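Let me begin by handing over the structure; questions about it come next.
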Amino acid sequence: MSNPSQWKDLTDAFNNYGYGGSIAQALRVSTAFACIDRIAKDVASLPLRPYRSDGGNKEIAKDHDQYFLSKNPSRVYTKYTWVYTRTFHKFQFGESFSPIKRKNGRPVSYGIWIPNQVEHKIIDGRLYWINTKTKEVVSDEDMVHEMDYTEDGIRGTSRLKLAKQSIDLAQYGAKMAATLYKNQMWQPGYLSFKNDFTSEQADMISKTWGSKGGEQDNYELPVLDNGGEFKQFGMSLQSAEYTATMKDAALQICRFFGMPPSKVGIMEGNVSYNSLEQENIGYVQDTLLPVCIASEQELDRKALSEADQDTIGFKYELKGRLRGDMAARAAFYQMGLTTGLLSINDALRLEDMDTIGPEGDERYINAASVPLSKLFSGELDQKKSGQDHADGVDTADKEIKKLLKGIKLNGNGTHKVQ
(Lines give C-alpha, C1' and ligand atoms only; values in the text may rest on other atoms or scores of the structure.)
Protein backbone atom coordinates (compact mmCIF):
# COMPACT_ATOMS: atom_id res chain seq x y z
CA MET A 1 0.00 0.00 0.00
CA SER A 2 3.03 2.28 0.37
CA ASN A 3 3.73 2.17 -3.39
CA PRO A 4 1.30 4.49 -5.28
CA SER A 5 2.38 3.01 -8.64
CA GLN A 6 0.66 -0.24 -7.66
CA TRP A 7 -2.62 1.31 -6.53
CA LYS A 8 -4.00 1.15 -10.07
CA ASP A 9 -3.33 -2.60 -10.22
CA LEU A 10 -5.13 -2.99 -6.90
CA THR A 11 -8.23 -1.12 -8.09
CA ASP A 12 -8.19 -3.14 -11.32
CA ALA A 13 -8.18 -6.33 -9.24
CA PHE A 14 -11.17 -5.14 -7.21
CA ASN A 15 -12.94 -4.26 -10.47
CA ASN A 16 -12.20 -7.78 -11.74
CA TYR A 17 -10.37 -6.47 -14.80
CA GLY A 18 -6.77 -7.22 -14.14
CA TYR A 19 -5.03 -10.22 -15.68
CA GLY A 20 -6.35 -13.67 -14.88
CA GLY A 21 -9.80 -15.22 -14.69
CA SER A 22 -11.62 -11.90 -15.12
CA ILE A 23 -10.33 -11.61 -18.70
CA ALA A 24 -11.58 -15.13 -19.38
CA GLN A 25 -14.97 -14.11 -17.98
CA ALA A 26 -15.09 -11.12 -20.31
CA LEU A 27 -14.51 -13.47 -23.24
CA ARG A 28 -17.74 -15.26 -22.33
CA VAL A 29 -19.57 -12.31 -23.85
CA SER A 30 -20.11 -13.62 -27.36
CA THR A 31 -19.49 -10.31 -29.13
CA ALA A 32 -16.15 -9.74 -27.34
CA PHE A 33 -14.93 -13.24 -28.16
CA ALA A 34 -16.20 -13.05 -31.76
CA CYS A 35 -14.36 -9.74 -32.39
CA ILE A 36 -11.00 -11.03 -31.13
CA ASP A 37 -11.44 -14.44 -32.76
CA ARG A 38 -12.36 -12.88 -36.13
CA ILE A 39 -9.34 -10.55 -36.18
CA ALA A 40 -6.96 -13.33 -35.09
CA LYS A 41 -8.28 -15.74 -37.73
CA ASP A 42 -8.10 -13.15 -40.51
CA VAL A 43 -4.51 -12.14 -39.71
CA ALA A 44 -3.42 -15.78 -39.29
CA SER A 45 -4.87 -16.69 -42.69
CA LEU A 46 -2.81 -14.03 -44.51
CA PRO A 47 0.42 -15.13 -46.22
CA LEU A 48 3.47 -13.92 -44.25
CA ARG A 49 6.78 -13.94 -46.12
CA PRO A 50 10.13 -12.15 -46.21
CA TYR A 51 10.45 -10.03 -49.37
CA ARG A 52 13.58 -8.76 -51.07
CA SER A 53 13.49 -5.32 -52.65
CA ASP A 54 15.95 -4.61 -55.45
CA GLY A 55 15.34 -1.18 -56.84
CA GLY A 56 11.82 -1.23 -58.26
CA ASN A 57 11.51 -5.01 -58.20
CA LYS A 58 10.13 -6.98 -55.28
CA GLU A 59 10.22 -10.75 -54.87
CA ILE A 60 9.72 -13.37 -52.19
CA ALA A 61 13.05 -14.13 -50.52
CA LYS A 62 12.74 -17.90 -50.58
CA ASP A 63 16.47 -18.27 -50.05
CA HIS A 64 16.51 -16.23 -46.84
CA ASP A 65 16.99 -18.08 -43.55
CA GLN A 66 13.72 -16.63 -42.14
CA TYR A 67 11.53 -17.92 -44.95
CA PHE A 68 10.63 -20.86 -42.65
CA LEU A 69 8.42 -18.40 -40.71
CA SER A 70 5.92 -18.54 -43.57
CA LYS A 71 5.35 -22.25 -42.86
CA ASN A 72 6.61 -23.57 -39.51
CA PRO A 73 8.02 -21.10 -36.99
CA SER A 74 8.32 -23.96 -34.50
CA ARG A 75 8.32 -27.74 -34.41
CA VAL A 76 5.32 -27.54 -32.09
CA TYR A 77 2.88 -25.47 -34.15
CA THR A 78 2.23 -24.12 -37.63
CA LYS A 79 2.49 -20.54 -38.83
CA TYR A 80 -1.33 -20.21 -38.59
CA THR A 81 -1.39 -21.31 -34.95
CA TRP A 82 1.56 -19.09 -34.08
CA VAL A 83 0.04 -15.95 -35.63
CA TYR A 84 -3.49 -16.72 -34.37
CA THR A 85 -2.36 -17.21 -30.75
CA ARG A 86 -0.17 -14.11 -30.73
CA THR A 87 -2.90 -11.95 -32.27
CA PHE A 88 -5.53 -13.32 -29.87
CA HIS A 89 -3.22 -12.59 -26.90
CA LYS A 90 -2.62 -9.09 -28.25
CA PHE A 91 -6.31 -8.21 -28.05
CA GLN A 92 -7.12 -10.36 -25.03
CA PHE A 93 -4.30 -9.12 -22.78
CA GLY A 94 -3.17 -6.06 -24.72
CA GLU A 95 0.18 -7.61 -25.69
CA SER A 96 1.79 -10.83 -26.94
CA PHE A 97 5.16 -12.47 -26.30
CA SER A 98 7.12 -14.74 -28.62
CA PRO A 99 10.67 -15.58 -27.43
CA ILE A 100 13.25 -16.16 -30.17
CA LYS A 101 15.53 -19.19 -30.05
CA ARG A 102 18.80 -18.47 -31.87
CA LYS A 103 21.63 -20.55 -33.27
CA ASN A 104 24.85 -18.79 -34.27
CA GLY A 105 23.01 -15.53 -33.78
CA ARG A 106 20.21 -16.34 -36.25
CA PRO A 107 16.58 -17.14 -35.22
CA VAL A 108 15.75 -20.83 -35.69
CA SER A 109 12.39 -21.04 -33.87
CA TYR A 110 9.82 -18.91 -32.08
CA GLY A 111 7.87 -19.67 -28.91
CA ILE A 112 4.76 -18.34 -27.16
CA TRP A 113 4.45 -16.98 -23.63
CA ILE A 114 1.13 -16.29 -21.92
CA PRO A 115 1.11 -12.54 -21.13
CA ASN A 116 -0.35 -12.82 -17.60
CA GLN A 117 2.72 -14.86 -16.65
CA VAL A 118 5.22 -12.23 -17.80
CA GLU A 119 6.90 -9.49 -15.79
CA HIS A 120 9.49 -6.98 -16.92
CA LYS A 121 12.62 -5.40 -15.47
CA ILE A 122 14.84 -2.59 -16.75
CA ILE A 123 18.48 -3.12 -15.80
CA ASP A 124 21.20 -0.67 -16.89
CA GLY A 125 18.87 0.73 -19.53
CA ARG A 126 18.08 -2.68 -21.04
CA LEU A 127 14.64 -4.27 -20.98
CA TYR A 128 14.23 -7.89 -19.82
CA TRP A 129 11.17 -10.15 -19.77
CA ILE A 130 10.68 -12.70 -16.98
CA ASN A 131 8.37 -15.72 -17.23
CA THR A 132 7.07 -16.17 -13.69
CA LYS A 133 6.02 -19.76 -14.37
CA THR A 134 9.14 -21.16 -16.06
CA LYS A 135 11.55 -18.62 -14.46
CA GLU A 136 13.09 -17.88 -17.88
CA VAL A 137 14.64 -14.47 -18.50
CA VAL A 138 14.80 -13.11 -22.06
CA SER A 139 16.15 -9.77 -23.24
CA ASP A 140 13.90 -7.57 -25.34
CA GLU A 141 16.19 -8.11 -28.35
CA ASP A 142 15.22 -11.79 -28.28
CA MET A 143 11.49 -11.27 -27.74
CA VAL A 144 8.89 -10.54 -30.42
CA HIS A 145 6.68 -8.31 -28.31
CA GLU A 146 3.56 -6.76 -29.85
CA MET A 147 1.26 -4.34 -28.06
CA ASP A 148 -2.26 -3.10 -28.74
CA TYR A 149 -3.12 0.00 -26.71
CA THR A 150 -0.20 1.15 -24.55
CA GLU A 151 0.25 3.99 -22.09
CA ASP A 152 4.02 3.74 -21.54
CA GLY A 153 5.35 2.03 -24.68
CA ILE A 154 6.46 -0.99 -22.61
CA ARG A 155 3.30 -2.83 -21.55
CA GLY A 156 0.03 -3.15 -23.41
CA THR A 157 -3.50 -2.65 -22.06
CA SER A 158 -6.36 -4.98 -22.94
CA ARG A 159 -9.25 -3.57 -24.93
CA LEU A 160 -11.48 -5.77 -22.81
CA LYS A 161 -10.53 -3.53 -19.91
CA LEU A 162 -11.29 -0.39 -21.92
CA ALA A 163 -14.65 -1.83 -22.95
CA LYS A 164 -15.49 -2.92 -19.38
CA GLN A 165 -18.70 -0.91 -19.10
CA SER A 166 -20.18 -2.30 -22.32
CA ILE A 167 -19.05 -5.84 -21.47
CA ASP A 168 -20.52 -5.57 -17.97
CA LEU A 169 -23.84 -4.44 -19.44
CA ALA A 170 -23.87 -7.42 -21.78
CA GLN A 171 -22.97 -9.80 -18.94
CA TYR A 172 -25.63 -8.43 -16.58
CA GLY A 173 -28.25 -8.57 -19.31
CA ALA A 174 -27.35 -12.16 -20.17
CA LYS A 175 -27.49 -13.20 -16.50
CA MET A 176 -30.86 -11.50 -16.00
CA ALA A 177 -32.34 -13.16 -19.07
CA ALA A 178 -30.91 -16.56 -18.12
CA THR A 179 -32.35 -16.32 -14.61
CA LEU A 180 -35.79 -15.29 -15.84
CA TYR A 181 -35.94 -18.02 -18.47
CA LYS A 182 -34.63 -20.59 -16.01
CA ASN A 183 -37.46 -19.72 -13.64
CA GLN A 184 -40.05 -19.67 -16.39
CA MET A 185 -39.95 -15.86 -16.53
CA TRP A 186 -40.72 -15.75 -12.79
CA GLN A 187 -40.00 -12.25 -11.51
CA PRO A 188 -39.35 -11.25 -7.88
CA GLY A 189 -42.14 -9.56 -5.98
CA TYR A 190 -44.12 -9.67 -2.75
CA LEU A 191 -47.45 -10.98 -1.42
CA SER A 192 -50.09 -8.59 -0.19
CA PHE A 193 -53.07 -9.63 2.01
CA LYS A 194 -56.00 -7.64 3.30
CA ASN A 195 -56.12 -9.63 6.56
CA ASP A 196 -53.59 -9.36 9.34
CA PHE A 197 -51.53 -12.39 10.41
CA THR A 198 -48.66 -13.17 12.68
CA SER A 199 -44.98 -13.36 11.71
CA GLU A 200 -45.12 -17.16 12.03
CA GLN A 201 -47.97 -17.24 9.54
CA ALA A 202 -46.04 -14.92 7.21
CA ASP A 203 -42.99 -17.24 7.31
CA MET A 204 -45.18 -20.24 6.58
CA ILE A 205 -46.87 -18.49 3.62
CA SER A 206 -43.48 -17.41 2.26
CA LYS A 207 -42.07 -20.96 2.43
CA THR A 208 -45.23 -22.43 0.90
CA TRP A 209 -45.18 -19.87 -1.90
CA GLY A 210 -41.50 -20.51 -2.63
CA SER A 211 -41.95 -24.26 -2.75
CA LYS A 212 -44.76 -23.95 -5.26
CA GLY A 213 -43.62 -21.12 -7.47
CA GLY A 214 -40.33 -19.49 -6.66
CA GLU A 215 -38.01 -22.51 -6.83
CA GLN A 216 -36.41 -22.98 -10.19
CA ASP A 217 -37.01 -26.74 -10.33
CA ASN A 218 -40.63 -26.67 -9.16
CA TYR A 219 -43.20 -25.09 -11.43
CA GLU A 220 -46.43 -25.77 -9.55
CA LEU A 221 -48.82 -22.89 -9.87
CA PRO A 222 -49.25 -21.18 -6.47
CA VAL A 223 -52.77 -20.20 -5.40
CA LEU A 224 -53.56 -17.27 -3.12
CA ASP A 225 -56.59 -17.10 -0.86
CA ASN A 226 -58.04 -14.68 1.68
CA GLY A 227 -57.78 -11.83 -0.82
CA GLY A 228 -54.05 -12.26 -1.35
CA GLU A 229 -52.31 -10.53 -4.26
CA PHE A 230 -48.84 -10.95 -5.80
CA LYS A 231 -47.10 -7.74 -6.88
CA GLN A 232 -43.96 -7.78 -9.01
CA PHE A 233 -40.80 -5.76 -8.51
CA GLY A 234 -39.08 -4.04 -11.41
CA MET A 235 -39.92 -4.28 -15.11
CA SER A 236 -40.39 -7.05 -17.62
CA LEU A 237 -37.84 -7.72 -20.33
CA GLN A 238 -40.13 -6.01 -22.81
CA SER A 239 -40.58 -2.92 -20.60
CA ALA A 240 -36.84 -2.70 -20.05
CA GLU A 241 -36.24 -2.82 -23.85
CA TYR A 242 -33.93 -5.75 -23.26
CA THR A 243 -33.28 -6.55 -26.92
CA ALA A 244 -32.38 -2.98 -27.82
CA THR A 245 -30.12 -2.63 -24.78
CA MET A 246 -28.24 -5.85 -25.53
CA LYS A 247 -27.82 -4.87 -29.17
CA ASP A 248 -26.46 -1.47 -28.18
CA ALA A 249 -23.95 -3.14 -25.82
CA ALA A 250 -22.84 -5.44 -28.65
CA LEU A 251 -22.40 -2.49 -31.03
CA GLN A 252 -20.32 -0.64 -28.44
CA ILE A 253 -18.00 -3.66 -28.12
CA CYS A 254 -17.65 -3.79 -31.92
CA ARG A 255 -16.60 -0.13 -31.93
CA PHE A 256 -13.86 -0.81 -29.39
CA PHE A 257 -12.39 -3.47 -31.69
CA GLY A 258 -12.98 -1.66 -34.98
CA MET A 259 -15.19 -4.54 -36.08
CA PRO A 260 -18.03 -4.09 -38.61
CA PRO A 261 -21.14 -5.50 -36.88
CA SER A 262 -21.95 -7.67 -39.90
CA LYS A 263 -18.68 -9.59 -39.36
CA VAL A 264 -19.98 -10.88 -36.02
CA GLY A 265 -23.56 -11.52 -37.12
CA ILE A 266 -25.19 -8.19 -36.23
CA MET A 267 -27.19 -6.84 -39.15
CA GLU A 268 -28.61 -3.31 -39.13
CA GLY A 269 -31.33 -2.07 -41.47
CA ASN A 270 -31.36 -2.95 -45.15
CA VAL A 271 -27.93 -4.29 -46.06
CA SER A 272 -26.90 -4.63 -49.72
CA TYR A 273 -24.06 -6.61 -51.22
CA ASN A 274 -22.23 -3.43 -52.25
CA SER A 275 -22.44 -1.95 -48.76
CA LEU A 276 -21.12 -5.17 -47.23
CA GLU A 277 -18.27 -5.20 -49.75
CA GLN A 278 -17.25 -1.64 -48.88
CA GLU A 279 -17.59 -2.46 -45.18
CA ASN A 280 -15.23 -5.41 -45.58
CA ILE A 281 -12.68 -3.30 -47.46
CA GLY A 282 -12.86 -0.68 -44.70
CA TYR A 283 -12.32 -3.43 -42.13
CA VAL A 284 -9.17 -4.57 -43.92
CA GLN A 285 -7.76 -1.06 -44.25
CA ASP A 286 -8.70 0.28 -40.80
CA THR A 287 -8.50 -2.83 -38.59
CA LEU A 288 -6.32 -5.54 -40.13
CA LEU A 289 -3.72 -3.31 -41.82
CA PRO A 290 -2.50 -1.61 -38.59
CA VAL A 291 -2.21 -5.01 -36.89
CA CYS A 292 -0.15 -6.36 -39.79
CA ILE A 293 2.12 -3.31 -39.97
CA ALA A 294 2.89 -3.51 -36.25
CA SER A 295 3.75 -7.21 -36.59
CA GLU A 296 5.90 -6.64 -39.69
CA GLN A 297 7.92 -3.90 -38.04
CA GLU A 298 8.54 -5.96 -34.89
CA LEU A 299 9.69 -8.95 -36.94
CA ASP A 300 11.93 -6.74 -39.10
CA ARG A 301 13.53 -5.31 -35.96
CA LYS A 302 14.04 -8.58 -34.08
CA ALA A 303 14.39 -11.33 -36.73
CA LEU A 304 16.54 -9.60 -39.35
CA SER A 305 20.15 -8.49 -39.11
CA GLU A 306 21.00 -4.82 -39.63
CA ALA A 307 22.52 -5.69 -43.02
CA ASP A 308 19.36 -7.49 -44.12
CA GLN A 309 17.02 -4.68 -43.06
CA ASP A 310 18.10 -2.58 -46.04
CA THR A 311 16.84 -5.10 -48.61
CA ILE A 312 14.68 -7.66 -46.70
CA GLY A 313 11.35 -7.06 -44.98
CA PHE A 314 8.45 -9.16 -43.73
CA LYS A 315 5.06 -8.56 -45.29
CA TYR A 316 1.51 -9.82 -44.87
CA GLU A 317 -0.22 -10.10 -48.23
CA LEU A 318 -3.48 -8.14 -47.99
CA LYS A 319 -4.19 -7.65 -51.70
CA GLY A 320 -6.47 -10.67 -51.82
CA ARG A 321 -8.63 -9.20 -49.03
CA LEU A 322 -8.96 -5.88 -50.84
CA ARG A 323 -10.30 -7.33 -54.08
CA GLY A 324 -13.68 -6.15 -55.23
CA ASP A 325 -16.24 -8.24 -57.08
CA MET A 326 -15.21 -10.04 -60.27
CA ALA A 327 -16.79 -7.50 -62.65
CA ALA A 328 -15.09 -4.53 -60.95
CA ARG A 329 -11.71 -6.28 -60.95
CA ALA A 330 -12.05 -7.22 -64.65
CA ALA A 331 -12.89 -3.61 -65.57
CA PHE A 332 -9.91 -2.31 -63.57
CA TYR A 333 -7.48 -4.74 -65.21
CA GLN A 334 -8.85 -3.99 -68.67
CA MET A 335 -8.33 -0.26 -68.10
CA GLY A 336 -4.87 -0.78 -66.63
CA LEU A 337 -3.66 -3.10 -69.40
CA THR A 338 -4.87 -0.91 -72.28
CA THR A 339 -3.57 2.38 -70.87
CA GLY A 340 -0.10 1.17 -69.89
CA LEU A 341 -0.85 1.51 -66.17
CA LEU A 342 -0.34 -2.25 -65.61
CA SER A 343 1.65 -5.00 -67.25
CA ILE A 344 0.38 -8.57 -67.52
CA ASN A 345 2.70 -9.57 -64.69
CA ASP A 346 1.36 -6.71 -62.55
CA ALA A 347 -2.19 -8.01 -62.98
CA LEU A 348 -1.09 -11.57 -62.19
CA ARG A 349 0.63 -10.43 -59.00
CA LEU A 350 -2.49 -8.58 -57.88
CA GLU A 351 -4.38 -11.87 -58.26
CA ASP A 352 -1.66 -13.81 -56.36
CA MET A 353 -0.88 -15.80 -59.51
CA ASP A 354 2.46 -16.81 -61.05
CA THR A 355 3.96 -14.38 -63.55
CA ILE A 356 4.83 -15.39 -67.14
CA GLY A 357 8.43 -14.19 -67.26
CA PRO A 358 10.10 -11.09 -68.71
CA GLU A 359 7.64 -10.91 -71.61
CA GLY A 360 4.87 -10.20 -69.10
CA ASP A 361 6.56 -6.99 -67.98
CA GLU A 362 5.83 -5.26 -71.31
CA ARG A 363 3.26 -2.46 -71.15
CA TYR A 364 0.84 -1.63 -73.96
CA ILE A 365 -1.18 1.41 -74.99
CA ASN A 366 -3.85 1.91 -77.62
CA ALA A 367 -2.11 3.54 -80.58
CA ALA A 368 -5.38 5.18 -81.70
CA SER A 369 -5.44 7.28 -78.53
CA VAL A 370 -3.55 10.40 -79.70
CA PRO A 371 -3.80 14.17 -79.04
CA LEU A 372 -6.21 16.06 -81.31
CA SER A 373 -3.43 18.45 -82.25
CA LYS A 374 -1.54 15.63 -84.01
CA LEU A 375 -4.61 14.70 -86.05
CA PHE A 376 -4.85 18.18 -87.55
CA SER A 377 -1.12 18.74 -87.91
CA GLY A 378 -0.84 15.80 -90.31
CA GLU A 379 1.64 13.87 -88.18
CA LEU A 380 -0.43 10.72 -88.47
CA ASP A 381 -0.16 10.84 -92.26
CA GLN A 382 3.61 10.89 -92.20
CA LYS A 383 5.35 7.56 -92.60
CA LYS A 384 8.66 6.81 -91.00
CA SER A 385 11.08 4.19 -92.21
CA GLY A 386 9.32 0.91 -92.72
CA GLN A 387 5.69 0.97 -91.59
CA ASP A 388 4.81 3.11 -88.56
CA HIS A 389 1.26 1.89 -88.21
CA ALA A 390 -0.49 -1.36 -88.78
CA ASP A 391 -3.40 -1.40 -91.21
CA GLY A 392 -5.85 -1.54 -88.35
CA VAL A 393 -4.37 1.57 -86.75
CA ASP A 394 -4.45 3.49 -90.08
CA THR A 395 -8.10 2.54 -90.50
CA ALA A 396 -8.81 3.74 -86.99
CA ASP A 397 -7.09 7.06 -87.73
CA LYS A 398 -9.27 7.58 -90.82
CA GLU A 399 -12.42 6.86 -88.82
CA ILE A 400 -11.38 9.37 -86.18
CA LYS A 401 -10.81 12.01 -88.89
CA LYS A 402 -14.31 11.40 -90.25
CA LEU A 403 -15.80 11.86 -86.80
CA LEU A 404 -13.85 15.06 -86.31
CA LYS A 405 -14.77 16.50 -89.72
CA GLY A 406 -16.13 19.97 -89.29
CA ILE A 407 -14.20 20.61 -86.07
CA LYS A 408 -11.54 23.30 -86.20
CA LEU A 409 -8.79 23.43 -83.58
CA ASN A 410 -8.29 26.79 -81.85
CA GLY A 411 -4.85 28.18 -81.20
CA ASN A 412 -5.08 27.30 -77.51
CA GLY A 413 -5.60 23.58 -78.22
CA THR A 414 -9.40 23.61 -77.77
CA HIS A 415 -11.84 23.07 -80.58
CA LYS A 416 -15.09 24.49 -81.92
CA VAL A 417 -17.74 23.28 -84.31
CA GLN A 418 -17.93 25.14 -87.65
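Matching residues to (1) in contact with a strand residue (DSSP E or B) (Cβ under 8 Å, 6 or more places away or on another chain); (2) in a helix (DSSP H, G or I):
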| site | (1), (2) |
| --- | --- |
| Gln92 | no, yes |
| Arg102 | yes, no |
| Pro107 | yes, no |
| Ile122 | yes, no |
| Leu127 | yes, no |
| Thr134 | no, no |
| Val138 | yes, no |
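Could you please let me know if Arg75 is surrounded by fewer than 19 Cβ atoms within 10 Å (Cβ to Cβ), closer than 16 Å to Ser98 by Cα and of a type in the set (Lys, Arg)?
When the stated conditions are applied, Arg75 passes them.
Still on this structure: Against the definition (farther than 30 Å from Asp346 by Cβ, more than 25 Å from the chain's Cα centre (by Cα) and surrounded by fewer than 17 Cβ atoms within 10 Å (Cβ to Cβ)), how does Val108 come out, yes or no?
Spelling it out, Val108 is indeed farther than 30 Å from Asp346 by Cβ, more than 25 Å from the chain's Cα centre (by Cα) and surrounded by fewer than 17 Cβ atoms within 10 Å (Cβ to Cβ).
Need pairs with beta-carbon distance below 7 Å; first residue touching a residue at least 12 places away in the same chain (Cβ under 8 Å) and within the stretch 122-138, second small (Gly, Ala, Ser) and in a loop (DSSP other than H, G, I, E, B); sequence gap 6+ or separate chains.
The qualifying pairs do not exist here.
Now for a different question. Give the residues of the stretch 37-78 that are over 21 Å from Arg106 (Cβ atoms), hydrophobic (A, V, I, L, M, F, W, C) and assigned to a loop (DSSP other than H, G, I, E, B), sorted by residue number.
Hit for the stretch 37-78 is Leu46, nothing else.
What tally of residues in the stretch 309-328 results from selecting those that are touching a Lys or Arg at 6+ places or on another chain (Cβ under 9 Å) and modelled with pLDDT of 75 or more?
Residues in the stretch 309-328 being touching a Lys or Arg at 6+ places or on another chain (Cβ under 9 Å) and modelled with pLDDT of 75 or more: 9 in total.
Being out of contact with any Asp or Glu (no Cβ under 9 Å at 6 or more places or on another chain) and of a type in the set (Asp, Glu) narrows it down to one residue among Glu277, Glu306; which is it?
Exactly one of Glu277, Glu306 is out of contact with any Asp or Glu (no Cβ under 9 Å at 6 or more places or on another chain) and of a type in the set (Asp, Glu), namely Glu306.
Mind checking which residues of the stretch 78-87 are open to solvent by 20 Å² or more (accessible area, probe 1.4 Å) and either farther than 18 Å from Lys315 by Cα or among the aromatic types (Phe, Trp, Tyr) (or both)?
Of everything in the stretch 78-87, those that are open to solvent by 20 Å² or more (accessible area, probe 1.4 Å) and either farther than 18 Å from Lys315 by Cα or among the aromatic types (Phe, Trp, Tyr) (or both) turn out to be Tyr80, Tyr84, Thr85.
Sticking with this structure for a sec: Within the stretch 12-57, which residues are of a type in the set (Asp, Glu) and at pLDDT below 80?
Scanning the stretch 12-57 gives Asp12, Asp54.
If I ask for residues that are outside any helix (DSSP H, G or I) and either crowded, with 16+ Cβ neighbours inside 10 Å or touching a His at 6+ places or on another chain (Cβ under 6 Å) (or both), which ones from the stretch 149-163 would you list?
Those that are outside any helix (DSSP H, G or I) and either crowded, with 16+ Cβ neighbours inside 10 Å or touching a His at 6+ places or on another chain (Cβ under 6 Å) (or both): Arg155, Gly156, Thr157, Ser158, Ala163.
Just to be sure I understand, how many residues within the stretch 289-310 are open to solvent by 80 Å² or more (accessible area, probe 1.4 Å) and within 24 Å of the chain's Cα centre (by Cα)?
2
Residues checked against (1) in contact with a strand residue (DSSP E or B) (Cβ under 8 Å, 6 or more places away or on another chain); (2) over 23 Å from Tyr172 (Cα atoms); (3) assigned to a helix (DSSP H, G or I):
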position	(1), (2), (3)
Ala250	no, no, yes
Gly282	no, yes, yes
Pro290	no, yes, yes
Asp300	yes, yes, yes
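The values are calculated or read from the model by the stated rules, or taken from the named source; none is laboratory data. Bear in mind that the values here come from a model prediction, so they are computed numbers and not experimental data. Counting neighbours? That spans all protein chains shown, and the Cβs are built from the backbone with ideal geometry, glycine included. Only protein heavy atoms, including side chains, enter the accessible area calculation; ligands, DNA and RNA are left aside. Shrake-Rupley method; radii C 1.70, N 1.55, O 1.52, S 1.80 Å.
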